[in-house]
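Mind having a look at this structure? Questions to follow.
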Amino acid sequence: MMCETGDPAPGRSGSGAGDDENGEGYGDRQRGGSERALFASLLEDSAEDLYENAPCGYLSTLLDGQIAKINGTLLGWLGYRREEVVERRRFADLLTVGGRLYHETHFAPLLRMQGEISGIALELKAADGSRLPVLVTSTVKNSEDGQPLLIRTTVFDARDRRAYETELLRARRESDLERERLQRLNATLQQTLLPPALPPVPGLEVAAHYRIASADLVGGDFYDLFGLTPGTWGLFLGDVCGKGAAAAAVTSLARYTLRAAAVYDPAPTTVLANLNTVLNHEYQGHDPRFCTAIFGVLTPDGDSGGFHVTLAGGGHPPALLMRADGSADYLPTPGGQLIGVIPDAHFAATTVRLGAGDTLLLYTDGLTEARTPPDGERFGDDALLDLGRELAPTTAPSALAHLTGVLDGFGEGLDDDTALLAISVPLPRTEDAR
């Protein structure tokens, strides 16, 4: 039967069965009563019970450390009866040998001077001989006239914290070992990407240097010097974009491609074009790879004792030529494009003669892009050119020895690997290079 005009059905109030005039139901009143009873029981909890069964240890000692009062929590942790401790032991007696030494030399003197010392890590020795790591906070209680009366100490169980710290240390050691293994692997892999030693070239002095910026990542810089035909030599230096295993794979491919291409056709622009074709073929789609490189061919200049050098560049910084007369300048290869970006990249070449006392330096941009202390500005092309003019005339070994010192001076400002390759024509025996 429907109730007329929304009036409540017979036998029910408008707010529901059991509701009072304020709308509070029986269930609500029951829950409220339980909560009030709970709060009342908490208020009736004795201070002595709170002290005895606190979630931390409490003890009070005289100024000489004799224990005058200790709570049940700390007694339970240590496994002592109250009568074995109160007025029979000092606080230092509960410590391990190392803890007692620290207490006497640091803890107690600081407490006397400051009146409070907080969060000190110590170890307590339990009745069964086991050790309990704890964090201790002590406060000196003074009388109204400021005289020290006793020492109140709070002790927190640090076993969980110690276990957590131990696990952290274990994980840290494993991480360090793994990092060392990775660094050894990277160093080994890096060595396979570089020639073990530069071959001797009659009539030339040669020197090379490779500086890694981080032992955690394999770099992408590379260089080489090798024979082509009797009396003709090829050399190259380059820089692959990126770091790590992927960059190492491109580095390896670039080195062997350059060597193979030079044997087939040593013309520098042709060699770089072949490398560009290989990179475009091998790295297409979503993961393109590219590099910069400079390739050169060395040919003796008859009986004059010098060499003709033809260099081609593909997006690489220009070589630096330091002359016997003390001058220095870059050998630009304008228009040389990055290798591996587009299928029909353009590469430019230049030819120069190296005479007695002349030195040619090839380098990667880790040198010029390094940040100099203390302001962190880039070293830059101008600074390198000025340095070349200071060094000229020089020799390949001398130039690289000086540049190695420059790299050392960058410190943490050297954030990219750097490869250096230098060649020089020695002066006649009757002359000396500066």
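Gln284 passes all but one of (1) touching a helix residue (DSSP H, G or I) at 6+ places or on another chain (Cβ under 8 Å); (2) open to solvent by 40 Å² or more (accessible area, probe 1.4 Å); (3) polar (S, T, N, Q); which number fails?
Against the list (1) touching a helix residue (DSSP H, G or I) at 6+ places or on another chain (Cβ under 8 Å); (2) open to solvent by 40 Å² or more (accessible area, probe 1.4 Å); (3) polar (S, T, N, Q), Gln284 comes up short only on (1).
Identify, by number, the condition in (1) in a loop (DSSP other than H, G, I, E, B); (2) of a type outside the set (D, E, K, R); (3) within 22 Å of Val278 (Cα to Cα) that Phe236 doesn't meet.
Looking at each condition in turn, Phe236 falls short on (1).
Report yes if some residue within segment 187-196 is open to solvent by 60 Å² or more (accessible area, probe 1.4 Å) and modelled with pLDDT of 90 or more; otherwise report no.
No: segment 187-196 contains no residue that is open to solvent by 60 Å² or more (accessible area, probe 1.4 Å) and modelled with pLDDT of 90 or more.
Still on this structure: Counting only residues that are of a type outside the set (Gly, Ala, Ser) and either within 14 Å of Leu150 (Cα to Cα) or touching an Asp or Glu at 6+ places or on another chain (Cβ under 8 Å) (or both), how many does segment 63-85 have?
9
Still on this structure, I have one more. Could you please find all residues in segment 287-297 being assigned to a loop (DSSP other than H, G, I, E, B) and either among the small types (Gly, Ala, Ser) or surrounded by fewer than 21 Cβ atoms within 10 Å (Cβ to Cβ) (or both)?
Asp287, Pro288
Kindly provide the set of residues from segment 346-367 that are within 30 Å of Leu279 (Cα to Cα) and crowded, with 22+ Cβ neighbours inside 10 Å, ordered by number.
Within segment 346-367, Phe347, Leu360, Leu361, Leu362, Tyr363, Thr364, Gly366, Leu367 qualify.
Continuing with this model, one more query. Do any residues in segment 371-384 that are touching a residue at least 60 places away in the same chain (Cβ under 8 Å) have Cβ atoms under 8 Å from those of residues that are open to solvent by less than 80 Å² (accessible area, probe 1.4 Å) and polar (S, T, N, Q), where the two are at least six apart or on different chains, and which pairs are they?
Pairs that qualify, where the first residue is touching a residue at least 60 places away in the same chain (Cβ under 8 Å) and the partner is open to solvent by less than 80 Å² (accessible area, probe 1.4 Å) and polar (S, T, N, Q), are Asp381/Thr368; Leu384/Thr368.
Counting just the residues of segment 368-384 that are surrounded by 15 or more Cβ atoms within 10 Å (Cβ to Cβ) and in contact with an Asp or Glu (Cβ under 9 Å, 6 or more places away or on another chain), which one comes out nearest to Thr299 (Cα to Cα)?
Among residues in segment 368-384 that are surrounded by 15 or more Cβ atoms within 10 Å (Cβ to Cβ) and in contact with an Asp or Glu (Cβ under 9 Å, 6 or more places away or on another chain), the one nearest to Thr299 (Cα to Cα) is Thr368.
Now for a different question. Quickly run through segment 53-65 and pick out the residues that are within 47 Å of the chain's Cα centre (by Cα) and either part of a strand (DSSP E or B) or within 13 Å of Val136 (Cα to Cα) (or both).
Cys56, Gly57, Tyr58, Leu59
Additional query: Report, by residue number, each residue of segment 227-256 that is hydroxyl-bearing (Ser, Thr, Tyr) and open to solvent by less than 20 Å² (accessible area, probe 1.4 Å).
Thr251
Can you tell me which residue in segment 415-426 is nearest to Pro373 (Cα to Cα), limited to those that are assigned to a loop (DSSP other than H, G, I, E, B) and in contact with a Phe, Trp or Tyr (Cβ under 9 Å, 6 or more places away or on another chain)?
Step by step, filter segment 415-426, then rank; the result is Asp417.
Out of (1) touching a strand residue (DSSP E or B) at 6+ places or on another chain (Cβ under 7 Å); (2) open to solvent by 50 Å² or more (accessible area, probe 1.4 Å); (3) not in a strand (DSSP E or B), the odd one out for Ala68 is which?
All conditions are met except number (3).
Then there's this: Identify the residue in segment 43-65 that is hydroxyl-bearing (Ser, Thr, Tyr) and open to solvent by less than 50 Å² (accessible area, probe 1.4 Å) and, among all such residues, is nearest to Thr154 (Cα to Cα).
So, considering only residues that are hydroxyl-bearing (Ser, Thr, Tyr) and open to solvent by less than 50 Å² (accessible area, probe 1.4 Å), the one nearest to Thr154 (Cα to Cα) is Ser60.
Could you tell me which numbered condition Thr270 fails, if it satisfies all but one of (1) in a helix (DSSP H, G or I); (2) touching a residue at least 60 places away in the same chain (Cβ under 8 Å); (3) closer than 21 Å to Pro332 by Cα?
With respect to (1) in a helix (DSSP H, G or I); (2) touching a residue at least 60 places away in the same chain (Cβ under 8 Å); (3) closer than 21 Å to Pro332 by Cα, Thr270 is out only on (2).
Please tell me if Thr333 is among the hydroxyl-bearing types (Ser, Thr, Tyr) and open to solvent by 50 Å² or more (accessible area, probe 1.4 Å).
no
Only one of (1) out of contact with any helix residue (DSSP H, G or I) (no Cβ under 8 Å at 6 or more places or on another chain); (2) in contact (Cβ under 8 Å) with a residue 60 or more places away in the chain; (3) buried (at least 17 other Cβ atoms within 10 Å of the Cβ); (4) within 16 Å of Ser60 (Cβ to Cβ) fails for Ile151. Which number is that?
So Ile151 meets the others, but not (1).
The values are calculated or read from the model by the stated rules, or taken from the named source; none is laboratory data. All of these numbers come straight from a predicted model, not from anything done at the bench. In this analysis, Cβ positions are derived from the backbone assuming ideal geometry, glycine residues included, and neighbour counts consider all displayed protein chains. These accessible areas exclude ligands, DNA and RNA; they are computed on the full protein's heavy atoms, side chains included. Shrake-Rupley method; radii C 1.70, N 1.55, O 1.52, S 1.80 Å.
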